1. Look at SER142 and say whether it is more than 9 Å from the ligand (Cβ to nearest atom), of a type in the set (Ser, Thr, Tyr) and either at negative phi or not in a loop (DSSP other than H, G, I, E, B) (or both).
2. Filter the range 80-107 for residues that are of a type outside the set (S, T, N, Q) and near the ligand (Cβ under 9 Å from one of its atoms) and give the result.
3. Answer with yes or no whether ALA100 is touching a strand residue (DSSP E or B) at 6+ places or on another chain (Cβ under 7 Å), modelled with pLDDT of 95 or more, closer than 30 Å to LYS322 by Cβ and crowded, with 18+ Cβ neighbours inside 10 Å.
4. VAL235 is checked against (1) buried (at least 20 other Cβ atoms within 10 Å of the Cβ); (2) within 16 Å of the ligand (Cβ to nearest atom); (3) not small (Gly, Ala, Ser) and fails just one. What number does that condition carry?
5. Taking the residues in the range 131-151 that are among the basic types (Lys, Arg) and more than 17 Å from ASN197 (Cβ to Cβ) as candidates, determine which candidate is surrounded by the fewest Cβ atoms within 10 Å (Cβ to Cβ).
6. Keeping to the range 80-97, report how many residues are assigned to a loop (DSSP other than H, G, I, E, B) and crowded, with 21+ Cβ neighbours inside 10 Å.
7. For the condition at pLDDT 95 or above and either under 20 Å from GLN16 (Cα atoms) or in contact with an Asp or Glu (Cβ under 6 Å, 6 or more places away or on another chain) (or both), what is the one hit in ALA89, ALA61?
Amino acid sequence: MGSLAGRVAIITGAGQGIGREHALFFASEGAKVVVNDPGVAVDGSGGDSSLAQRVVDEIRAAGGEAVANTDSVADWQGAQRLIRSAVEAFGDLHVVVNNAGILRNELLLNMSEQEFDTVIAVHLKGTFAVSHWAALYWREQSRAHPQVDRAIVNTSSGSGLHNPLPTEVNYAAAKAGVAAMTIVAAIELQPYHVRVNCIAPSRARTRATVDLPGIGGATQDGQFDPFHPGNVSPVVAYLCMADCPFNGQVFSLHGGTVIRYHGWSLGEEIRSDQRWSIYDLTRAMQTLPNPDPLANLLSALGVLGPEAQEQMRHMIEASLTKER
Ligand SMILES: NC(=O)c1ccc[n+]([C@@H]2O[C@H](COP(=O)([O-])OP(=O)(O)OC[C@H]3O[C@@H](n4cnc5c(N)ncnc54)[C@H](O)[C@@H]3O)[C@@H](O)[C@H]2O)c1
C-alpha cells in the first residue's frame, strides 16, 4: 500500500515543473489528487486550461485517481472553489501543497507596482487564501473526526531566506512571508490536527530556472540528477503522511540533501537601562557586527575565495545600476 493511500491532496501549480512531479508522485503513492493549474506563463500572464487536465490524464493512465481545477490561487473565491472541488470529487481533503508560483524579476528601482503586487498575490495571498478555506473545512470536520491528520506544505525559496537575490524584492518578500506564515499557522491550527510545514526547493530544473548558470542539463540514464524537480516530491509526500511528526518546520531541499532552517533568531545585543542618547548609541552600535549583505549572498551561492568573490561582486554591482 502506498504511503499516501486514502489521502486526498490538492497540489497548486501542478501542471508542470515541481508541482507536476508532486502530483505524479502523490498519485503513485496512492493519494487522490486535485491538480490545480490555470496554465499561465512564468510571469503569470495568459492561461492554458488544458495543462492541468494533461497531468490528470497521465495519472489516470497509470491507474491513479485525479481531477483538474483551473482556478487561480490568488482569487479569493477561486481558492474556495478549489477546496470544494476536492471534497466534491473525493469526499474529503487531507493535504494542501501550496506550490503555485510566478516570477516578475526587476530591480527595486525599476519595479512597477503591478510587478510587485502580482507576485505577492500568487505566492503570499495565494498560500493564505487556499490555507484559509482548507482550514475552515478542517475545523468543521474536526468536530466529527477529531483524530484525522491534515497537512499543509507551503513552498518558500532560499531567495527569501538565506540567499536574497537582486531583482527579487517582490519574490523574496513573498517567500519570506510564506515561511513566517507557516510557523504561525502551525501553532494556530494544532487544535484541529492540522500540521503546517514549508519547503524551499533549491536549483530544481524547471522552465523558471532552466537559464540559471550551473543548473545543469539532464544526466545520462541511471545517473542521479541532483537538479531534477522530482527530487523534492518524496520529502513533500513524507511531510503529508498521516503519521509524520513534523510541524512548523522549514526545510531547504536540493538533490538528496534536506536541511532544516533555523530561521531568524536573536543575535548580538547592546543594552541601556534608559532611553539611548544618540552619542551613547553611536558608540554602542559600533560593537555590533555589520556584515556586508552582498558578501553573505556570495558565500550562500558558494562563490568562495577572494578573487572569485571580487569578480562576482563587480558583475553584480554593474547589473544593479541598469535603468529600465
Ligand atoms: N525551481 C526551483 O529551483 C525553485 C526554487 C525555489 C522555489 N521554487 C518554488 O517552487 C514552486 C514551483 O516552481 P517551478 O520552478 O516548478 O515553476 P513553474 O513555472 O515550472 O511552475 C509553476 C506553476 O504554477 C502555476 N501557477 C502560476 N500562477 C498560478 C496561480 N495564480 N494559481 C495556480 N497556479 C499558478 C503555473 O501555471 C505553473 O504551472 C514555486 O512556488 C517556486 O517559487 C522553485
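1. Against the criterion (more than 9 Å from the ligand (Cβ to nearest atom), of a type in the set (Ser, Thr, Tyr) and either at negative phi or not in a loop (DSSP other than H, G, I, E, B) (or both)), SER142 qualifies.
2. Scanning the range 80-107 gives LEU82, ALA100, GLY101, ILE102, LEU103.
3. Values: touching a strand residue (DSSP E or B) at 6+ places or on another chain (Cβ under 7 Å): yes; modelled with pLDDT of 95 or more: yes; closer than 30 Å to LYS322 by Cβ: yes; crowded, with 18+ Cβ neighbours inside 10 Å: yes.
So ALA100 passes the test.
4. Result: VAL235 fails condition (1) only.
5. Let us first name the residues in the range 131-151 that are among the basic types (Lys, Arg), namely 139, 143, 150.
From what's left, more than 17 Å from ASN197 (Cβ to Cβ): 139, 143.
Numbers: ARG139: 13, ARG143: 8.
Within the range 131-151, the match that is surrounded by the fewest Cβ atoms within 10 Å (Cβ to Cβ) is ARG143.
6. The qualifying residues number 2.
7. The unique qualifying residue is ALA61.
For (1) within 11 Å of the ligand (Cβ to nearest atom); (2) assigned to a loop (DSSP other than H, G, I, E, B), each residue gets a yes or a no:
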position: SER3; (1), (2): no, yes
position: VAL35; (1), (2): yes, no
position: GLN53; (1), (2): no, no
position: GLY78; (1), (2): yes, no
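The values are calculated or read from the model by the stated rules, or taken from the named source; none is laboratory data. These numbers were taken from a predicted model, which means no experiment stands behind them. Cβ sites come from the backbone with ideal geometry, for glycine too, and all protein chains shown count toward neighbours.
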